[in-house]
Amino acid sequence: MKATLKIENFGPIKNLDVILKNVNVFIGPQASGKSALAKIFTILKSPRKFFIEDSSSNLQSTFTYSTDKILEIFKLFNIDSFLNPETVISIEYEVHKISISNGLLVYDPKLFNKLQTILELENEYELNQSRICESISQLFKP
């Protein structure tokens, strides 16, 4: 699974735009941000481990978290001091998109939103059969 990661003004990383895959190798001088990059990737690759939405809420939406929650998670990885008011981080996978800017983290569970749409269409299966088939086929497009 590949991801597009963009980082601005995060510790030693001033401007980065990279495509990441399941296996990545970071090479560079000491204190250039390799470890910070690996930690950001770890956190944002599996956001549901760190950012858990209310299970009673509708998945057809995005979730927003405050600076306090972001700092709490980044502190676990010892990168909380790298976050500053000018920091912008975004990562996009086929299954979710996350952006951090202006002190907020916005989590868009894209795959869950698509599945929720299919489940809603299922309520009137006979009327929505073609839309359900189309929605399912869209899940598997590269």
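With r defined as the distance between the Cβ atoms of Ser66 and Lys34 and R0 fixed at 35 Å, what FRET efficiency is calculated, to the nearest 0.05? Can you show the working numbers first?
On the way: r = 28 Å, r/R0 = 0.81.
That pair, Ser66 with Lys34, gives E of 0.80.
Pairs Lys14/Lys45; Lys6/Lys69; Lys34/Lys114: which are spaced more than 27 Å apart, C-alpha to C-alpha? Spell out each step's value before the answer.
Working: Lys14/Lys45 21 Å; Lys6/Lys69 20 Å; Lys34/Lys114 34 Å.
From the list (Lys14/Lys45; Lys6/Lys69; Lys34/Lys114), the Cα-Cα distance tops 27 Å for Lys34/Lys114.
Pairs of Cα atoms under 8 Å, at least six residues apart: use those to get the relative contact order of the chain, whole percent.
With pairs under 8 Å counted, the relative contact order is 24 percent.
Taking the 0 to 90 degree range and rounding to the nearest ten, how far is the long axis of helix 67-76 tilted relative to the main principal axis of the chain, both from C-alpha atoms?
70 degrees
Any idea how far apart Lys2 and Val95 come out in nm if each label point goes 7 Å out from Cα toward Cβ?
1.8 nm
Quote to one decimal, in nm, the extra length available between Ser130 and Ile27 on full extension: 0.36 nm per residue of separation minus the C-alpha distance between them.
Gain in length upon complete extension: 32.2 nm.
Can you give the accessible area per residue of the chain, in Å², using a 1.4 Å probe?
Working: 8980 Å² over 142 residues.
Counting only protein heavy atoms, the per-residue value for the chain is 63 Å².
Show me 76-89, 32-45, 119-132 ranked by packing, highest mean number of other Cβ atoms within 10 Å first. Numbers along the way, then the final one.
On the way: 76-89: 14.5, 32-45: 18.5, 119-132: 11.9.
So the order, starting with the most tightly packed, is 32-45, 76-89, 119-132.
Rounded to the nearest percent, how much of the accessible area of the chain (1.4 Å probe, protein heavy atoms only) is carbon and sulfur?
Here it works out to 54 percent.
Report, in cubic angstrom per residue, the convex hull volume of the C-alpha atoms of the chain.
112 Å³
Evaluate the distance, in nm, between pseudo-label points positioned 7 Å from the Cα of Asn123 and of Asn102 along their respective Cα→Cβ axes.
If labels sit at Asn123 and Asn102, their model points lie 3.3 nm apart.
The values are calculated or read from the model by the stated rules, or taken from the named source; none is laboratory data. The model shown is predicted, which means the values in this text are computed figures rather than measured ones. Here Cβ is always computed from backbone atoms with ideal geometry, including for glycine, and neighbour counts include all displayed protein chains. The accessibility values were calculated without ligands, DNA or RNA, using every heavy atom of the protein model including side chains. Shrake-Rupley method; radii C 1.70, N 1.55, O 1.52, S 1.80 Å.
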